[in-house]
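What follows is a single structure, written as structure tokens, with notes after it.
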Amino acid sequence: MAEPIIEVSDLVKHYPLTRGVLFRKQVGAVRAVDGVDFHLGRGETLGIVGESGCGKSTVAKMLVNLERPTAGSIRYKGEDITRLSGRALKAVRRNIQMVFQDPYTSLNPRMTVGDIIGEPYDIHPEVAPKGDRRRRVQDLLDVVGLDPEYINRYPHQFSGGQRQRIGIARGLALRPEVIVADEPVSALDVSVQAQVINLMDRLQREFELSCVFIAHDLSIVRHISDRVGVMYLGRIVETGTDTEIYEHPTHPYTQALLSAVPVPDPEAREHRERIILSGDVPSPTNIPSGCRFRTRCWKARERCAREVPALAVPAWFRTGGGPAAHDSACHFAADGSIGRSAPGQVVPLEGHGGGPG
Ligand SMILES: Nc1ncnc2c1ncn2[C@@H]1O[C@H](COP(=O)(O)OP(=O)(O)OP(=O)(O)O)[C@@H](O)[C@H]1O
Ligand SMILES: [Mg+2]
């Protein structure tokens, strides 16, 4: 395992839910992130995947210090960065940079590309002396595959994919060690998504970056990630390598997500079942007891309402060994069946298009 550059432990972000305008009274909390653990190895890419509202962006914002956690720790090279301030905070911020989801709204339309990419140097002038900035920005444009001559243009003169390249160039300006990319391709046309993913993959290797790459969809992170974490309602429910997650998923939620990913090979498709989850994701203000996935799970039994499953290697892996042993937060991750106990929820894939339900 690569030496960890970031270690997240029991990370929590709760937003108070208030009522009343004059006398604001707290009536509950939005449990956006509710006990997340993961590590990011040096030079590694970790994919984080989950449905809308499961807390991905909140995790991203805490990693780059845009939000302060309610509890838990984020260690960067061994040091907890969640309570830093002043100079120490500034130094860490320089090393952990974010690439945002929407290249249409995240770039200031009144600034030139040169000013956008060079803006981080205003905050960290020690990285690039004034007289050197233009050359550096042109280098960055070249690195992300844009013509350095574009330096004086404005964002509206670029396509979505090109704008995201500008966002990536800005993220690289300070030569960070870690990049947190929050759904960097979701706002782009499918045809340009792969180009931007390939660019990030190349840059990650070229600059030896450690990356957290967030997406909705398991198929997007597959080729860029060394490991993947699957999030559900504020927690990571399963984490493992590419092979472990895609070929040996043990958490029912991961199995359901994977069953919705289109499979190009018709023969493989025939042997697969499409799992349709019942109901909607519960509200993060009212999280089910025990296993938070149980209200939509076909394997749920009484124990699931009582006991929170730990994110750990299931016992049968520990005793049986095998190369696919990895962490899964399910009491019944062990039994290997995919939904056979719930007739009606599992239907053959055929005739169901293939896109996520
Ligand atoms: N500032 C805030 N105040 C209150 N609730 C918030 C705040 N920010 C986020 N939330 C809530 O926290 C939950 C998690 O939000 P978050 O944006 O992290 O999800 P996400 O996984 O990034 O979703 P998406 O895929 O749609 O981007 C959501 O229910 C959201 O409404
Ligand atoms: Mg988000």
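Look at the alpha carbon pairs under 8 Å that are at least 6 residues apart: their mean separation over the length of the stretch 63-211 gives a relative contact order of 29 percent. Positive contributions from Lys and Arg (+1) and negative ones from Asp and Glu (-1), summed over other residues with Cβ under 12 Å from the Cβ of Thr243, come out at -2.
Under the rule a/c < 1.5 gives rounded, and otherwise a/b versus b/c splits prolate from oblate, where does the stretch 87-228 land using the Cα gyration tensor? It comes out oblate by the Cα gyration axes. Left without a cysteine partner by the 4.7 Å Cβ rule in the chain: Cys54, Cys211, Cys297, Cys330.
With contacts taken as Cα pairs under 8 Å and at least 6 residues apart, the chain reaches a relative contact order of 18 percent.
At q = 0.06, 0.07, 0.12 Å⁻¹ the log10 of I(q)/I(0) for the chain amounts to -0.25, -0.33, -0.94, computed by Debye summation with a single uniform scatterer per C-alpha, solvent ignored. Of the residues Leu188, Gly234, Leu17, the one whose Cα sits farthest towards the positive end of the charge dipole of the chain is Leu17 (charges of +1 on Lys and Arg Cβ, -1 on Asp and Glu Cβ, taken about the Cα centre). Available extension along the chain between Glu302 and Glu206 is 29.5 nm, counting 0.36 nm per residue and deducting the alpha carbon span. Of the cross-linked pairs Lys13/Lys77; Lys13/Lys299; Lys56/Lys90; Lys90/Lys130; Lys25/Lys90, those separated by over 31 Å at the C-alpha level are Lys25/Lys90. Ordered by the number of other Cβ atoms lying within 10 Å of each residue's own Cβ, fewest first, Glu238, Glu126, Glu273, Glu244 fall into the sequence Glu126, Glu273, Glu244, Glu238.
When +1 charges are put on Lys and Arg Cβ atoms and -1 charges on Asp and Glu Cβ atoms, the dipole computed for the chain relative to its Cα centre reaches about 1400 debye.
Taken together, the values in this text are just the output of simple stated rules run on the coordinates, not laboratory data. Since the model is a prediction, treat every value here as computed from it, not as a measurement. Note: ideal-geometry Cβ built from the backbone for every residue, glycine included; neighbour counts use all protein chains shown.
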